[in-house]
Amino acid sequence: MLLGALLMIVSDWLSRMAGFPHELPAGLFASLLGGPYLVYLLAKGVPRQS
């Protein structure tokens with residue numbers, strides 16, 4: 001939960017600072033930051049138990 005909250009706080013901050021004085025969508029930065037982590041988790045997979 002904390003990782004998700006931190007992701008959204010950082011995304012919101014980046015969206016406000018990247019295009020100053022205009023505000024960019026926070027979802028854009030959330031997907032850019034969270035996408036690679038999702039791909040890592042999918043590639044890592046869940047260990048199977050026999």
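For the stretch 4-50, place one equal point scatterer on every Cα, skip the solvent, and apply the Debye formula. What is log10 of I(q)/I(0) at q = 0.18, 0.19, 0.20 Å⁻¹?
Reported log10 I(q)/I(0), two decimals: -0.59, -0.62, -0.66.
Quick check: the angle from helix 2-18's long axis to the longest principal axis of the chain, C-alpha only, nearest 10 degrees?
Compared with the principal axis, the helix lies near 30 degrees.
Can you pull the one-decimal nm distance between simple spin-label points at Leu32 and Met8, each 7 Å off the Cα toward Cβ?
Each label point lies 7 Å from its Cα, and together they span 2.0 nm.
When the helices in the chain are scored as -39500 (n - 2.57) per DSSP H run of 4 or longer and the sum is shared across all residues, what 222 nm value do you end up with, to the nearest 500 deg cm²/dmol?
After summing the helix terms and dividing by the residues of the chain, the value is -24500 deg cm²/dmol.
List the trypsin sites (Lys or Arg not before Pro) in the chain that DSSP assigns to loop (not H, G, I, E or B) and whose Cβ has at most 12 other Cβ atoms within 10 Å. Which are they?
Arg48
Computed from the coordinates by the stated procedures, all read-outs in this text should not be read as laboratory data. Everything numeric here is computed off the predicted structure, so don't read it as measured data. Quick reminder, even Gly has a Cβ in these numbers, built from the backbone with ideal geometry, and neighbours come from all protein chains shown.
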